[in-house]
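Student: Have a look at the structure that comes next, please.
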Amino acid sequence: MKWKLYPWISIIVILALWQFIGGAINPVLLSTPTAAMAAFVDQLKTGELLKAFGETAYTFLIALVLGVIIGAPLGIFMGRSRTVEASLEIVVRILYSLPAVALFPLFILAFGFGDAMKIVVVFLACVLPIAMNAQAGVKNVENALIDVARVFGGTERELFTKIILPGTVPFLAGGFKIAIGRAIVTTVAVEMITTGGGLGGMMSYYSNQLLTAQYEAPLIATVLLSLAVYALGDAVERRFSSWKPQRPEGH
């Protein structure tokens, strides 16, 4: 039980420090939690925050779902086929090392300033860690398990569904959690650069107006969105952590 209290203690300490420091300096530099929450409630009442939250969640979730749908099979194919791995691994690693926002001007030229451009940028940020973790999961499966299954007449389909996929799912869950962080950061960054709505657009607007408390309200909403999806990632990881096949006796 005490381990569950520690996160709350950390949050209380952070809020207390924030309140103390924010109350001691110029409010343009840093507001206080009470002022930020008051702005949060006001923006909720006007509907401004809910509208921006919906826009950010839409971009974030669509890109994340597409990242899972494309990244997981891509990583599995890379882990199972040496030809696919040799052809695509260097491309995946190069793209992973590039910040998605660095390619932002190219995406603007190709897709304009609409939702499609934002989704493509965020998708690129989250698909690669999912693919790389899926590849690592496939390569981590014990060859002995596959050999034993083949000796007993296991088909390729049975190998995939009963050995390879269960062994890969825990890695996919880890990649999903990494992708969440990259996706939310990229979503807000793109919105701030384009000032095209969403929580990032709100933060960009209020920071330009030097309204720190109003700026921090959408920042709090961004944190809440990220924590909610992280909780989903933790639930998925716990649910499938027992899927990893056990090594056969004698190996």
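Values in this text are rule-based calculations from the coordinates and carry no lab data. Please read these numbers as outputs of a predicted model, since none were measured by experiment. All Cβ positions, even for glycine, are placed from backbone atoms using ideal geometry, and neighbour counts span all protein chains on display.
Student: Kindly check whether there is at least one residue in segment 78-85 that is small (Gly, Ala, Ser) and within 26 Å of Pro170 (Cα to Cα).
Tutor: Yes, segment 78-85 contains at least one residue that is small (Gly, Ala, Ser) and within 26 Å of Pro170 (Cα to Cα).
Student: Could I ask something else about it? Give me the pairs, please: first residue somewhere in segment 109-126 and closer than 14 Å to Gly71 by Cβ, second residue anywhere and part of a helix (DSSP H, G or I) and among the polar types (S, T, N, Q), beta-carbon distance under 9 Å, and either six or more positions apart or on two chains.
Tutor: Partner pairs satisfying both residue conditions: Val122/Thr59; Val122/Thr186; Val122/Thr187; Leu124/Thr186; Ala125/Thr186; Ala125/Thr187; Cys126/Thr186.
Student: Name the residue, out of Leu210, Leu172, Leu225, that is in a helix (DSSP H, G or I), aliphatic (A, V, I, L, M) and under 25 Å from Leu15 (Cα atoms).
Tutor: After ruling out the rest, the residue left standing is Leu225.
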